[in-house]
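The values are calculated or read from the model by the stated rules, or taken from the named source; none is laboratory data. Predicted model, so just to flag it, every value in this text is computed and none were measured. Neighbour counts are summed over all protein chains in view; Cβ atoms, including those assigned to glycine, are modelled from backbone coordinates with ideal geometry. For the accessible areas, the whole protein counts, side chains as well, though only heavy atoms, and no ligand, DNA or RNA atoms are used. Shrake-Rupley method; radii C 1.70, N 1.55, O 1.52, S 1.80 Å.
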Amino acid sequence: MLDKRYSEAKQFEKMSDAEKHQYFMACNLYYLCRKAPIIIDCKPMDFISHPYERTILEDVSDDQTWQKSAQMGASLMAILKSLHSAYYKLPHGVLYLIPTKTDVIDFSKKKFSKVLDENDLLRGWISDTDSANLKRVGNSYILFRGMQSTVGLKVQDVDMLVYDEIEEATETAISLAEKRVDHSEYKWRLRLSVPSDNDVGINSYFMQSDQRYWLIKCKGCGFDVCM
């Protein structure tokens, strides 16, 4: 293993600055978001007001759970992770799951398309945008499906599952979705949701993780507080 790492380090040293830039663009989503830069609402992503986003975008764990509050930009980060993973890493694509079929259409046309409209780099990765349910990303793709219809979950195999608001998914829907990564060598998963209660839904997954929290230091008492 050490010999392999040494060899890779020597190869990296021989790269030109342009090659190193492309290497980091492919390996580090936070680097891409800063250097591109990724534009949201007509301005670059704001990591000063949203510093927690850096840790999330840099995380390359293959199984992630985000227990969150509303309006924290989690769906945006899930979109970016899906695009980046499909374009650079996952040959069989991403299955992006949203609560209902109606939500899929709204999500695809509003949130997803808005990200593409504001970013030439990401739009250049997409070769087919005609369908709200399927986006061709480089040589891979992203499939959008609702979690309340079992028919929509009987799709081809993928390398990554994204459960956006997994609290809205039934056990049957989750079981069907999980079968879509059975034959993948990657089997990546990303779950995100506002929690409903302890030990159920997103919280049950979060309690099985390494449980990282974003803490804010109170200027009054000096204690770290989880909002």
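Would you point out the residue of region 209-224, among those that are hydrophobic (A, V, I, L, M, F, W, C) and open to solvent by 90 Å² or more (accessible area, probe 1.4 Å), that is nearest to Lys68 (Cα to Cα)?
Trp214
Does region 179-192 contain any residue that is surrounded by fewer than 19 Cβ atoms within 10 Å (Cβ to Cβ), without any contact (Cβ under 8 Å) to a residue 24 or more places away in the chain, touching a strand residue (DSSP E or B) at 6+ places or on another chain (Cβ under 8 Å) and among the aromatic types (Phe, Trp, Tyr)?
Within region 179-192 (the criterion being surrounded by fewer than 19 Cβ atoms within 10 Å (Cβ to Cβ), without any contact (Cβ under 8 Å) to a residue 24 or more places away in the chain, touching a strand residue (DSSP E or B) at 6+ places or on another chain (Cβ under 8 Å) and among the aromatic types (Phe, Trp, Tyr)), the answer is no, since none of the residues qualifies.
Scan (1) farther than 22 Å from Asp63 by Cα; (2) part of a loop (DSSP other than H, G, I, E, B); (3) not hydrophobic (A, V, I, L, M, F, W, C) for the single condition Arg136 breaks and write down its number.
Answer for Arg136: the failing condition is (2).
Among the candidates Lys20, Lys109, Lys10, which residue alone is in a helix (DSSP H, G or I), in contact (Cβ under 8 Å) with a residue 12 or more places away in the chain, open to solvent by 20 Å² or more (accessible area, probe 1.4 Å) and not hydroxyl-bearing (Ser, Thr, Tyr)?
Sole residue among the options that is in a helix (DSSP H, G or I), in contact (Cβ under 8 Å) with a residue 12 or more places away in the chain, open to solvent by 20 Å² or more (accessible area, probe 1.4 Å) and not hydroxyl-bearing (Ser, Thr, Tyr): Lys109.
Taking the condition assigned to a loop (DSSP other than H, G, I, E, B), among the hydroxyl-bearing types (Ser, Thr, Tyr) and either modelled with pLDDT under 95 or open to solvent by less than 60 Å² (accessible area, probe 1.4 Å) (or both), does Ser131 pass?
For Ser131, the condition - assigned to a loop (DSSP other than H, G, I, E, B), among the hydroxyl-bearing types (Ser, Thr, Tyr) and either modelled with pLDDT under 95 or open to solvent by less than 60 Å² (accessible area, probe 1.4 Å) (or both) - is met.
Quick check: anything in region 153-169 more than 15 Å from Pro99 (Cα to Cα) and assigned to a strand (DSSP E or B)?
yes
Between residues in region 114-126 that are on the phi < 0 side of the Ramachandran plot and open to solvent by less than 60 Å² (accessible area, probe 1.4 Å) and residues that are part of a loop (DSSP other than H, G, I, E, B) and of a type in the set (A, V, I, L, M, F, W, C), which pairs lie under 6 Å by C-beta distance while being six or more apart or on different chains?
Asn119/Ile38
Which members of region 58-101 meet the condition of being part of a helix (DSSP H, G or I), touching a strand residue (DSSP E or B) at 6+ places or on another chain (Cβ under 7 Å) and not hydroxyl-bearing (Ser, Thr, Tyr)?
Ala74, Leu76, Ala78, Lys81, Leu83, Ala86, Lys101
What number goes with the only condition from (1) assigned to a helix (DSSP H, G or I); (2) of a type outside the set (A, V, I, L, M, F, W, C); (3) crowded, with 20+ Cβ neighbours inside 10 Å that Tyr141 does not pass?
So the condition that Tyr141 fails would be (1).
Looking at region 91-112 only, could you name the residues that are among the polar types (S, T, N, Q) and within 16 Å of the chain's Cα centre (by Cα)?
Ser108
When the residues of region 1-60 are filtered to those that are of a type in the set (Asp, Glu) and more than 17 Å from the chain's Cα centre (by Cα), which remaining residue is farthest from Ala86 (Cα to Cα)?
Asp3
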